[in-house]
Amino acid sequence: MTKYGPIKEALKVDQSFAKPVARQPGEALIRIHSSSVNPVDWKILEGHAKDLFPIEKFPHVLGMDLCGTIESFSDSDTASNAKAEFDLKVGDSVFAMLRKGGLADYCVVDVKHLVKMPHNLSYMEAGTMPLVCVTSYQALFQVGKLTKGQKVLILGGSAATGLAGVQLAKRAGAQVAVTCSARNAALVKSLGADTIIDYRSNDWAESLKGQDYDLVFDAVGDENAYIRSAQVLKRGGHFVTIIGSKGDDTSAPESKGIEFNWWLAQPNRTHLEDIKKAVEEGTLKPKIHAVYPLTDLHRAMEENKTGHAVGKIAITMV
Ligand SMILES: NC(=O)c1ccc[n+]([C@@H]2O[C@H](COP(=O)([O-])OP(=O)(O)OC[C@H]3O[C@@H](n4cnc5c(N)ncnc54)[C@H](OP(=O)(O)O)[C@@H]3O)[C@@H](O)[C@H]2O)c1
């Protein structure tokens, strides 16, 4: 991105950019094969996320996902540490969640964020997984404290984060309810959702009233979701949103001891390792909505911005 502004004006695909160099100890240079578009990319571009992701200088390379191969390490110490500590060497195929830089041909990454990509995915597929899977993993288990046998309601079951969330929650042995539109019901059911509520014709808070859920994970920013969650959650239950706001009169959830948790996903190697394991054991599958070459990034971002993609928009570099 060259400045803040609309996708058409502020985003420039410039493949004459100089290849970066891994200079600092602990860094690796990655030849990127694939990445993906996330809503955060156009939100940063359009200036909606200045507080969370301030940009130090332009041009700024967007992209919070990466799948590629390790081309080099910054120095021999980094190379031998990476080999010893993380079993990584030049030529390995890896994936990672980043804060920036994934929508490019090359990127310099801290080796501690790199995990060998799942052996049963293509580069294209693996490049769509890190951000949404890490987000759902942390929202469900780290913040939401979901455990086997518990009940979770995922608002936005067909969102890319929601699709990952359904699969990860089922893997953990939870009972899963979701909201989605009728056209996506068969998909979320095939991934294991036990209860499906069509958000266009039903009110989830009324449908699940008094059912003592353990966790509500809001992946769409549903209006007053925290306030309404008091009808669905048990006393002391968890509410986690990755996009919504608290609302005005929060006395109902507060009187039941339900905390409001707004969560921003953090790159985490251990979590990504477990996500890789889930993919390899077949309990977590990517869902690809569309694939675009990097040169078509404008179109890919416009499509993501509609808010109606079903799964990930992959970006391929080679
Ligand atoms: N805080 C964090 O760390 C973090 C991390 C990742 C993402 N996010 C945020 O989380 C949100 C979701 O991201 P994403 O990548 O998962 O989005 P996404 O895949 O682009 O979401 C699109 C999907 O959401 C569904 N949807 C839209 N409105 C809905 C509603 N009211 N109820 C239920 N489903 C609805 C759409 O289905 P229909 O077409 O059927 O409506 C579509 O399938 C974004 O705002 C993103 O910025 C935050």
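Nothing in this text is a laboratory measurement; each read-out follows from the coordinates by a stated rule. Fair warning: this is a prediction, and the values are worked out from it, not measured in the lab. Using ideal geometry, Cβ is built from the backbone for each residue, glycine included, and neighbour counts are taken over all protein chains shown.
Of the two radii for the stretch 128-240, the radius of gyration is 0.92 times the Kirkwood radius, both from the alpha carbons; that is the Rg over Rh value. List the relative contact order of the chain as a percent without decimals, with contacts defined as Cα pairs under 8 Å and 6+ residues apart. The value is 19 percent.
Bridging of Lys285 to lysines at a Cα separation below 21 Å is possible for Lys116, Lys148, Lys170, Lys189, Lys276, Lys277, Lys312, once same-chain residues fewer than 8 apart are set aside.
Here the chain is assigned +1 on the Cβ of each Lys and Arg and -1 on the Cβ of each Asp and Glu. Its dipole about the Cα centre then comes out at about 320 debye.
By the rule of a C-alpha distance below 19 Å, with chain neighbours fewer than 8 residues away ignored, the lysines paired with Lys209 are Lys151, Lys234, Lys256. Could you work out the relative contact order of the stretch 81-178, using alpha carbon pairs under 8 angstrom and six or more residues apart, expressed as a whole percent? Once divided by the residue count of the stretch 81-178, the mean separation gives 22 percent. Of the GluC sites (Glu not before Pro) found in the stretch 21-124, those that fall in a DSSP loop while having at most 11 other beta-carbon atoms within 10 Å are Glu56. Over the stretch 132-262, what is the relative contact order in whole percent, taking alpha-carbon pairs under 8 Å and six or more residues apart? With pairs under 8 Å counted, the relative contact order is 22 percent. Relative intensity of the chain on a log10 scale, I(q)/I(0) at q = 0.11, 0.12 Å⁻¹, equals -0.68, -0.81, per a Debye sum over C-alpha point scatterers of equal strength in the absence of solvent. When the trypsin sites (Lys or Arg not before Pro) in the stretch 185-234 are filtered for DSSP coil states and for at most 13 other beta-carbon atoms within 10 Å of their beta-carbon, the remaining sites are Arg200, Lys209.
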